[in-house]
Amino acid sequence: MSETIESKKAFTLPNEVVIVKFIPRTSGMAANVGKDHVISGGMLLNAKRTFCAPVQRNNTVRNILTIEEKEYLEKATDLNLSVYGDFWASFYVRLGKEDAGNRFDLSDPFDYLSIKVLESLSKEDIALTWASRHDKQTYQFAITRENEEMLENKKKYDSKKDAFKLYGKIEDDKNKLLNVYKLLTNKPISKDSSLVWLQAKIEEIIDTDAKSFVNVVNDSSFYTKMLLQEGVDSGVILKKSNKYSTVDGLDLCNAGEIATFENAVLYLDNPKNQDVRGIVEAKINKSK
């Protein structure tokens, strides 16, 4: 039986343009600075930051090219790209704050080499994607592919659209808005807060963190969490040192557990404990 072995596809430069975007920070010298300020984001407008291929502990340059890449690029550039040669000692990439100066055409050998250098610095300085730019506080720039930022913005828009659909179903329900706001902020809120004030606060959250709002409202235990909060507000449930119990002294958790908020929710959600839940609900309703 004959066996066909496919030959390995030869390396060639990709026909792609990438932009290395500056990641603005709001700490250090950029703290309390407006977006239009010359130092906004932590970098001067015309400043440049320089990056070179990483050096190993033995003081030699780390090999950042595959054998196929090295062979192809040496033919294309007529250079010696060995880590023991002189090229890497003088080759560096300069990045600025503006996108225009950080555009790299990967079909160009030197632009390709530049991106290889930047990709080799992903442990500390360069995020490999726009989506991963916040994974490390040390990241200074992010390598972005076509439409990557646009797709992220679309996801945010879709998430906000979903959030406002859910909000539309509860925006006139003061009690639900009050409980949602408590769950989102983990702050005590007066039951006398006006509906208009609560609506404004929830809308602010949706505008900045729509995903969290959706997660809270779509949580399968949302009504149990509401019940716990209302029980505390009405005095039917006691909260002491972040432990939850009924006024009769029953810890809202299984034996051997601590009656934290999460365990109290699981306890009241458990079909075995619906008699306790029913008593709590009845006492809350009576207190209104």
* Structure fact -> If we ask which residues in the stretch 169-196 are among the basic types (K, R) and at pLDDT 90 or above, their number turns out to be 4
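To keep it simple, each residue is scored yes or no on (1) surrounded by 12 or more Cβ atoms within 10 Å (Cβ to Cβ); (2) at pLDDT 90 or above; (3) touching a strand residue (DSSP E or B) at 6+ places or on another chain (Cβ under 7 Å).
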residue	(1), (2), (3)
I19	yes, yes, yes
G28	no, no, no
G42	yes, no, no
K48	yes, yes, yes
V55	yes, yes, yes
L79	yes, yes, no
D99	yes, no, yes
D111	yes, yes, yes
* Asked: If a residue has to be surrounded by 14 or more Cβ atoms within 10 Å (Cβ to Cβ) and closer than 11 Å to Q229 by Cβ to count, how many in the stretch 177-193 make the cut?
  -> 7
* To do: Return the only residue of K211, K176, K187 being touching a residue at least 24 places away in the same chain (Cβ under 8 Å), within 28 Å of R277 (Cα to Cα) and not hydrophobic (A, V, I, L, M, F, W, C).
  => K176
* **Selection status of K211, assigned to a helix (DSSP H, G or I), closer than 24 Å to S287 by Cβ and at pLDDT below 95** => no
* Under 7 Å between Cβ atoms, at least 6 apart or on separate chains: pull out the pairs that start in the stretch 82-100 with a residue that is within 14 Å of F141 (Cα to Cα) and end on any residue that is in a loop (DSSP other than H, G, I, E, B) and small (G, A, S). => G96/A47; K97/A47
* Looking only at the stretch 230-246, which residues are touching a residue at least 24 places away in the same chain (Cβ under 8 Å) and either over 17 Å from K286 (Cα atoms) or open to solvent by 50 Å² or more (accessible area, probe 1.4 Å) (or both)? -> D233
* Asked: In the set I202, I126, I143, which member is β-branched (V, I, T), within 23 Å of V232 (Cα to Cα) and touching a helix residue (DSSP H, G or I) at 6+ places or on another chain (Cβ under 8 Å)?
  -> I202
* Under the condition of being charged (D, E, K, R) and open to solvent by less than 80 Å² (accessible area, probe 1.4 Å), which residue from the stretch 120-135 is nearest to C52 (Cα to Cα)? -> D125
* Asked: Any idea which of (1) open to solvent by 60 Å² or more (accessible area, probe 1.4 Å); (2) modelled with pLDDT under 90; (3) within 17 Å of the chain's Cα centre (by Cα) is the one S159 doesn't satisfy?
  -> (1)
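The values are calculated or read from the model by the stated rules, or taken from the named source; none is laboratory data. Keep in mind it's a predicted model, so treat the numbers as computed, not measured. Using ideal geometry, Cβ is built from the backbone for each residue, glycine included, and neighbour counts are taken over all protein chains shown. When the accessible area is computed, the model is the full protein with side chains, heavy atoms only, and any ligands, DNA or RNA have been set aside. Shrake-Rupley method; radii C 1.70, N 1.55, O 1.52, S 1.80 Å.
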